[in-house]
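The values are calculated or read from the model by the stated rules, or taken from the named source; none is laboratory data. What you are looking at is a predicted structure, and each value in this text was computed from that prediction instead of being measured. Cβ placement follows ideal geometry from the backbone for every residue including glycine, while neighbour counts extend to all protein chains displayed. Side chains are part of the model used for accessible areas, which takes the heavy atoms of the whole protein and leaves out ligands, DNA and RNA. Shrake-Rupley method; radii C 1.70, N 1.55, O 1.52, S 1.80 Å.
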Amino acid sequence: REAAKAKEQPAAAAAAPKVKQEPAQPIVYASKEAAKEAFKALLTDFDIPAEASWDNAMRLIIHDPRYSALKALGEKKSAFNEYCTARRAAEREEARRRQIAAKEGFMALLEGAAELEPGDSFDRASRLLNHDGRWKEVESEALRRELFKDHMEALKRRRVEAEKRKQEGAVASFKELLQRSALKPSSSWRKVAAKLQDEEAYEALDRLTRLEVFQAHIRQLEEEERQAKEREKEALRRKERKNRDAFRVLLTRHRDEGSITVHSRWKAYVPLVEEVAEYQAVKKNASGSRPKELFEDIILVRAWMPALKC
């Protein structure tokens, strides 16, 4: 019976109707541009390298329905070349981004290495940090050395600038201390130092710097004193000039009133003005023309007036 069944099965299979396979329908694209994009997507999906030749690429993609998206061989090759050009550009950009990220990671690694000091060698840094993946992300040792050199120079500059700012702050604090101490131009450093030696601003500076700041402060006090005296002198000169001008006005009025003539004498005139404020003011002047000289000037002008009228 089993032999009979075996004979019946092939016969039944032969008697079964065959299913007719329809050929794959071609994909229809809305436009030539859409067809080109489909062809490029095909190249992308197969991860065709930018350096691949057309022949090698064609062998990989020819059986995909999208291969027929473009009909003419020239169109296919043109789209393939555009794909390769765009892929090379994208790969270059990606390589550039990776390199930037690697550099930034490497520099961040150096920045975070508190063990490094200005003057440390590249070899010491390598021993300390090469276990960190960021060290090896920069593949070129020459580049690692260059970046390390840049970092150490920057680190040295920052340390110098920080020390400079610290010193400037200490100097400013000591200057404020001196200003609060109400010093005079004649103050001696020995006495000032003895008075301030327990102050924090004093201790923050070395001996030479303290002395230099003190000397500069004394020079400033001397200059301020000189300027104050000059202002006082100028104010006094203006005041005395006003006193003389006021006395001249008084003399001129007396001349016009006839109290002063060409024959008037100073000794006879003084009693007339001895109690007058203008005379008292100009009498106190420490410089410039004296009252008698101003009086004689008026007499001289009075004597010349007839000749001037002629």
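Does region 174-182 contain any residue that is within 30 Å of Phe122 (Cα to Cα) and aliphatic (A, V, I, L, M)? Checked against the condition, which is being within 30 Å of Phe122 (Cα to Cα) and aliphatic (A, V, I, L, M), region 174-182 yields no hits at all.
Taken together, Arg241, Arg248, Arg231, Arg237 contain a single residue that is under 30 Å from Gln179 (Cα atoms) and among the basic types (Lys, Arg), which is Arg231.
Note on region 189-296: enclosed helices (runs of 4 or more DSSP H) holding 3 or more residues that are closer than 30 Å to Ala170 by Cβ and not hydroxyl-bearing (Ser, Thr, Tyr) are 189-196, 200-203, 207-257.
A residue that is at pLDDT 90 or above and either in contact with a Leu (Cβ under 9 Å, 6 or more places away or on another chain) or among the acidic types (Asp, Glu) (or both) occurs nowhere in region 19-27. At least 1 residues being surrounded by 11 or more Cβ atoms within 10 Å (Cβ to Cβ), in contact with a Cys (Cβ under 6 Å, 6 or more places away or on another chain) and of a type in the set (Ser, Thr, Tyr) is the threshold, and among the helices (runs of 4 or more DSSP H) wholly inside region 72-139 not one reaches it. Between Arg157, Arg144, the distinction of being under 25 Å from Asp206 (Cβ atoms) and either open to solvent by 90 Å² or more (accessible area, probe 1.4 Å) or of a type in the set (Lys, Arg) (or both) belongs to Arg157 only. Scanning region 213-228 for residues that are under 18 Å from Leu177 (Cβ atoms) and hydrophobic (A, V, I, L, M, F, W, C) gives Val213, Phe214, Ala216, Ile218, Leu221. Among what's in region 28-47 and is among the hydroxyl-bearing types (Ser, Thr, Tyr) and more than 53 Å from the chain's Cα centre (by Cα), pick the residue that is modelled with the lowest pLDDT. Restricting to residues being among the hydroxyl-bearing types (Ser, Thr, Tyr) and more than 53 Å from the chain's Cα centre (by Cα), the top hit is Tyr29.
Going by the conditions given, is Arg59 free of Cβ contacts under 8 Å to residues at least 24 places away in the same chain and farther than 14 Å from Phe148 by Cβ? Taking the combined requirement at face value, the residue satisfies it. Can you tell me which residue in region 25-71 is farthest from Arg92 (Cα to Cα), limited to those that are of a type in the set (Val, Ile, Thr) and surrounded by fewer than 11 Cβ atoms within 10 Å (Cβ to Cβ)? Step by step, filter region 25-71, then rank; the result is Val28.
In region 202-255, the residue that is most open to solvent (accessible area, probe 1.4 Å) out of those that are of a type in the set (Val, Ile, Thr) and under 30 Å from Pro291 (Cα atoms) is Val249.
Among the residues of region 48-58, is there at least one that is of a type in the set (A, V, I, L, M) and modelled with pLDDT under 90? No, because not a single residue in region 48-58 is of a type in the set (A, V, I, L, M) and modelled with pLDDT under 90. When you look at Val273, is it aliphatic (A, V, I, L, M) and either closer than 30 Å to Glu293 by Cβ or open to solvent by 30 Å² or more (accessible area, probe 1.4 Å) (or both), yes or no? Judged against the criteria, Val273 is a match. Of the set (1) surrounded by 14 or more Cβ atoms within 10 Å (Cβ to Cβ); (2) in a helix (DSSP H, G or I), all apply to Lys164 but (1).
Under the condition of being among the aliphatic types (A, V, I, L, M) and in a helix (DSSP H, G or I), which residue from region 167-188 is surrounded by the fewest Cβ atoms within 10 Å (Cβ to Cβ)?
Our first condition is that a residue be among the aliphatic types (A, V, I, L, M); within region 167-188, this holds for 170-172, 177-178, 182-183.
Still in the list and also in a helix (DSSP H, G or I): 170-172, 177-178.
Working: Ala170: 20, Val171: 18, Ala172: 12, Leu177: 18, Leu178: 22.
Here the answer is Ala172.
Just one of the numbered conditions (1) in a helix (DSSP H, G or I); (2) open to solvent by less than 90 Å² (accessible area, probe 1.4 Å) is not true of Leu300: (2).
I need the full set of residues from region 276-297 which are of a type in the set (A, V, I, L, M, F, W, C) and open to solvent by 20 Å² or more (accessible area, probe 1.4 Å), in order please. Listed by number, the residues that qualify are Val276, Ala277, Ala281, Ala286.
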